[in-house]
2 protein chains.
Amino acid sequence: MKTAGRKVDADEPLYRRMRLDIERRILSGEWPPGHRIPVEHEFTSTYKCSRMTVNKVLSGLADAGLIERRRRAGSFVSAPRAHAAVLEIPDIQSAIQSRGEDYRYELLAERRRLSTREDMKDLLLAARQRVIHIQCRHFANGVPFTIEERLINLAEVPEAATVDFSVTPPGTWLLAFVPWLEAEHRILARQAGQDWGALLNLPQDTACLVVERRTRRTGSALTYVRQIFQGDRYFLTARFAPRDGATGQSR
Amino acid sequence: MKTAGRKVDADEPLYRRMRLDIERRILSGEWPPGHRIPVEHEFTSTYKCSRMTVNKVLSGLADAGLIERRRRAGSFVSAPRAHAAVLEIPDIQSAIQSRGEDYRYELLAERRRLSTREDMKDLLLAARQRVIHIQCRHFANGVPFTIEERLINLAEVPEAATVDFSVTPPGTWLLAFVPWLEAEHRILARQAGQDWGALLNLPQDTACLVVERRTRRTGSALTYVRQIFQGDRYFLTARFAPRDGATGQSR
DNA sequence: AAGTGGTCTAGACCACGAC
DNA sequence: TCGTGGTCTAGACCACTTC
């Protein structure tokens, strides 16, 4: 075992150059969907490296969905999966402040109660639980930016009972307090109507963007939130790169 | 080098069990954000395996954004990044048909022209190019489902000049023809207005969901599309799982 | 200076599945 | 059957960064 160590060929690790090479071939269409790419052994010759290194690259491409690997058959360029995009839905407070705007928060209503039938559906509850129901409003530069309606499941997040939500926005508190969750989102458009119009200071027929999110660990949801934005004042952006991007910009 | 080969401990490869173990600790809050997790060498003892195997797991967690790794300092649980979600934006035709509904397509207008100033912005063109401008409509069970306005950059996709878009929906053709692209999405809400209302058979003030997408390889865009949906008839769903999900459901 | 992760090797055995 | 990928080892040297 003489070994490694020669490394630095161009300051860029071998596996990354290999990965980019292959991605380029796929993205350029040189290797179209369905194309069988070289087997691992061929890559070890081409790049003069061990099979482990090749395997790391090809496994990564398979994880990213760019190729599919089948034993005995080989590795094939995948067909693009419609359009998958990574959507970043930021904390409202951070979003407003990061744009250099002044942030203000207002609690409109807070009720603690036993879950209604609808609450149970929103929170995926199997039985009645105590919940907190919050309605609040976020301002950017003094103008209503979004209204928020939120349920917090006290069975899953008992600490929420001790928080003063007249001061602390529930989203900000939850994000800081509860680590790493799964979330399901639903995005739709709806007319403001009387309630939303009054709260967002908009004509009743204005189109609003509605983002609903259910946040959970495994079973019941911890919280359910519906945020309403003026439709053309706020928008979501999403980006898809064949990975390296979705994987978290990396590098 | 005696070796490997003992493998099958529980039908589940070691690296996956290790990965799930660590994810569980992070998701449950046992290892909260900022927590320093054991160093690679400790894991080799715990799991009685080589450092490569541990490294594969921890590197994967770092790619997924669950931990951050710093030389000499160690590996730390990340703070959750707002809410990242994987948004699937399907091909219209597939989406309608996969719900068992009847799909119909109608070309409203097609023009071939030199890019206008606005086209250049939408397609990120540096110079004037020939483009195809298409307006079309998709029906589900005979009812207008979405209207679409699309630009195709003939400099990047010359083959589009030969396609009969009165028969083939441009999105379907592009998805099948052009492999693996990057895409940027913008999602917003807007009132129907006169044009959209007439085409979607809606009152003018109806809230519509607007999805704009620019698809590119590296430089200029290949195509730019704006799709308009009745706001409460269609919605987007997105899901975030701390990976394994975004990485492509895998498994 | 020393501990940590980053990368890599040259093997190994296994399981799957196309042939 | 046997080529392919799947997983794993027991080392190695390096680079970085904190101590």
Folded to 0 to 90 degrees: helix B:14-27 orientation relative to chain B principal axis, Cα: 80
Across the identical copies, how the B:Arg17 labels are spaced - nm, sorted shortest first, 7 Å along Cα→Cβ: 3.9
Length-normalised contact order for chain B - Cα pairs under 8 Å, 6+ apart - percent: 16
Leading residue at positive end of dipole, region B:12-77 (Cβ point charges), from B:Ser50, B:Ser75, B:Leu20: B:Ser50
Shortest-first nm distances, A:Val39 label point to equivalent points in other copies (7 Å, Cα→Cβ): 4.1
Lys/Arg +1, Asp/Glu -1 at C-beta; region A:92-230 dipole; positive extreme among A:Thr116, A:Phe229, A:Val157: A:Thr116
Inter-copy separations for B:Phe177, label at 7 Å along Cα-Cβ, nm, ascending: 5.5
Rounded to the nearest 20 debye, dipole of region B:70-204 from Cβ charges on Lys, Arg, Asp, Glu: 800
Cα-Cα separations in chain B greater than 28 Å, expressed as whole percent: 52
Charge dipole magnitude, Cβ of K and R +1, D and E -1 - the protein assembly as shown, Cα centre, debye nearest 20: 2180
Given charges at beta-carbon only (K, R positive; D, E negative), |dipole| of region A:12-77 in Debye: 220
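Where a number appears in this text, it was derived from the coordinates with a stated rule and is not lab data. Since we're looking at a predicted model, the values are computed, not measured. With ideal geometry, Cβ positions are generated from the backbone for all residues, glycine too; neighbour counts draw on all protein chains shown.
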